[in-house]
Amino acid sequence: MNLPLPVLLVGIHGHGRSHLRKLLPLVESGAVRLAGVCDTDPPGPDDSLEGHGPVPAFTDLDQALEATKAQVTIVVTPIHTHLPLARTALQHGSHLLLEKPTTATLAEFEELTQAVAGSGLACQVGFQSLGSHALEKVRSLMADGAIGTVQGIGGHGAWARTSHYYARAPWAGRRRLRGRDVVDGALTNPFAHAVATALALTGTHEQEPDAVELELYRAGPIEADDTSCVRVHAANGTPITIAVSLCAPVSTPPRLIVHGDRGSIELDYTLDRLTLHRDGQEPVTTTHQRTGLMENLLAHVGQGEPLLVPPSVTRAFTHVVEAVRLAPDPVPVPQELHTVQDIFGGTHDLVTGISELVQRSAKTLSLFSELDPAWKPATREDSVHASVVEENP
């Protein structure tokens, strides 16, 4: 009888709570046991850890790994800490589930890739959408010519995030912190799944894109972008345009649209739902299952199942992160479109018409400035075009 694998969770606040909840059924099934948690802000005496109850708590990762002998370490920490914490876990012989984005820079990504390869251990990156079986269906429809020749992929996302979202942590909404790159913008963190999933649909997610065009804006008093669009020229020539904002009046499910010359496929990737539109036919909507990334990691460690999201699968996405990192700082959204609303003891920066604009971008594969002259940056050559090929010789 196999004993449950000891698991260490690093980062117990914010998104770390969802990992605690996801671990519960695995603990109850006997697949794993939560051997400990590690956080610079340890749990209080009344913290039930989402039903796990008291477990050993640490503030130092080396000590936590030494004490728990964890065979799997889940890292849910600020972006700029991913590489050093991942290295520490690997040095202790622990497999990794590393939250997205993989790293804050391309150089760190290469270091992580080498460290994982040299360790002989597994590293799964936390892009949950890449575990959706809907992706397999979309790829099959594309390959079978269900929508004709693929012309490009558009994506849109519009969420409402208040000042509380940025007050939750010192690194939130920052491009840099204490001399370290953080790159916590709308494209690289909250809507990272849109970019990574679109690249995965093209099959070029392990390759450097040909170029990346960016338009980065901010409405709120932050360093990073909260309203942005990107057009990625994938390695196979497919254009991918993703337009997003955290300054919408209400939050709606993000969507990817695969455009063909005889129809389209809409993928609501957070809902594992796709709708096939074929010219002259009624739309067909299907909902699909999803394989959990922790479950897949355990199957890989125990039975040799292929990993769904090893670091290599996020290479193209990391090139987009690098383009955002190297791009000029985001510019303010057009003043006439920006209002501030008091809400729940905080503020909500609203951008008029942004929900409609991001949808138009996804439907036409256009940048903001190509749809509305009000969005044309004052220094277009400096602010819009950031080719990863040119920036990274």
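The values are calculated or read from the model by the stated rules, or taken from the named source; none is laboratory data. Note that the structure is a prediction, hence the values are computed from the model and not measured. Counting neighbours? That spans all protein chains shown, and the Cβs are built from the backbone with ideal geometry, glycine included. Ligands, DNA and RNA are excluded from the accessible area calculation, which covers all protein heavy atoms including side chains. Shrake-Rupley method; radii C 1.70, N 1.55, O 1.52, S 1.80 Å.
Below are the figures for this structure:
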quantity	calculated
Count of the stretch 360-373 residues which are open to solvent by 40 Å² or more (accessible area, probe 1.4 Å) and either in a helix (DSSP H, G or I) or of a type in the set (A, V, I, L, M) (or both)	5
When residues of the stretch 344-359 are limited to those that are surrounded by fewer than 17 Cβ atoms within 10 Å (Cβ to Cβ) and either touching a strand residue (DSSP E or B) at 6+ places or on another chain (Cβ under 9 Å) or modelled with pLDDT of 95 or more (or both), the one farthest from G260 (Cα to Cα)	T347
Residue match in the stretch 112-123 (condition: in contact with a helix residue (DSSP H, G or I) (Cβ under 9 Å, 6 or more places away or on another chain), assigned to a strand (DSSP E or B) and surrounded by fewer than 19 Cβ atoms within 10 Å (Cβ to Cβ))	no
Of all residues in the stretch 299-311 being assigned to a helix (DSSP H, G or I) and touching a strand residue (DSSP E or B) at 6+ places or on another chain (Cβ under 7 Å), the one that is least open to solvent (accessible area, probe 1.4 Å)	P311
Scan of the stretch 235-256 for residues that are more than 18 Å from the chain's Cα centre (by Cα) and closer than 14 Å to V150 by Cα, ordered by number	N236, G237, T238, P239
Lone qualifier among T40, T73, T77, T103 - being surrounded by fewer than 20 Cβ atoms within 10 Å (Cβ to Cβ), within 26 Å of the chain's Cα centre (by Cα) and not in a helix (DSSP H, G or I)	T40
Evaluation of D144 against (1) touching a Leu at 6+ places or on another chain (Cβ under 8 Å); (2) surrounded by fewer than 19 Cβ atoms within 10 Å (Cβ to Cβ); (3) modelled with pLDDT of 95 or more (one fails), failing number	(1)
Residue in the stretch 273-284 that is of a type outside the set (D, E, K, R), within 28 Å of E213 (Cα to Cα) and in contact (Cβ under 8 Å) with a residue 40 or more places away in the chain present	yes
Search result, residues across the stretch 1-34 that are touching a residue at least 40 places away in the same chain (Cβ under 8 Å), part of a helix (DSSP H, G or I) and either more than 27 Å from the chain's Cα centre (by Cα) or more than 15 Å from Q71 (Cα to Cα) (or both)	G16, H19, K22
Search result, residues across the stretch 42-89 that are in contact (Cβ under 8 Å) with a residue 60 or more places away in the chain, touching a helix residue (DSSP H, G or I) at 6+ places or on another chain (Cβ under 9 Å) and hydroxyl-bearing (S, T, Y)	T73, T77
Qualifying residue in the stretch 69-81 (condition: over 27 Å from R325 (Cβ atoms) and charged (D, E, K, R))	yes
Number of positions in the stretch 119-134 that are within 13 Å of S94 (Cα to Cα) and touching a residue at least 12 places away in the same chain (Cβ under 8 Å)	5
Set R290, R325, R278: member being more than 19 Å from A122 (Cβ to Cβ), touching a helix residue (DSSP H, G or I) at 6+ places or on another chain (Cβ under 7 Å), open to solvent by 20 Å² or more (accessible area, probe 1.4 Å) and charged (D, E, K, R)	R290
Single match in E208, E215 (criterion: charged (D, E, K, R), touching a residue at least 40 places away in the same chain (Cβ under 8 Å) and within 24 Å of L308 (Cα to Cα))	E208
Any pair with Cβ under 7 angstrom, 6 or more apart, that starts in the stretch 137-162 at a residue that is closer than 27 Å to L357 by Cβ and ends at one that is modelled with pLDDT of 95 or more and of a type in the set (K, R)	I147/R262; I147/R278; G154/K363; G155/R255; H156/R255
Test set (1) under 29 Å from H80 (Cβ atoms); (2) at pLDDT 95 or above; (3) open to solvent by 40 Å² or more (accessible area, probe 1.4 Å) - E391 fails condition number	(2)
Filtered residues of the stretch 219-231 (kept if under 15 Å from A198 (Cα atoms) and over 16 Å from the mean Cα position of the chain (by Cα))	R231
Test: Q335 is modelled with pLDDT of 95 or more and open to solvent by 30 Å² or more (accessible area, probe 1.4 Å)	no
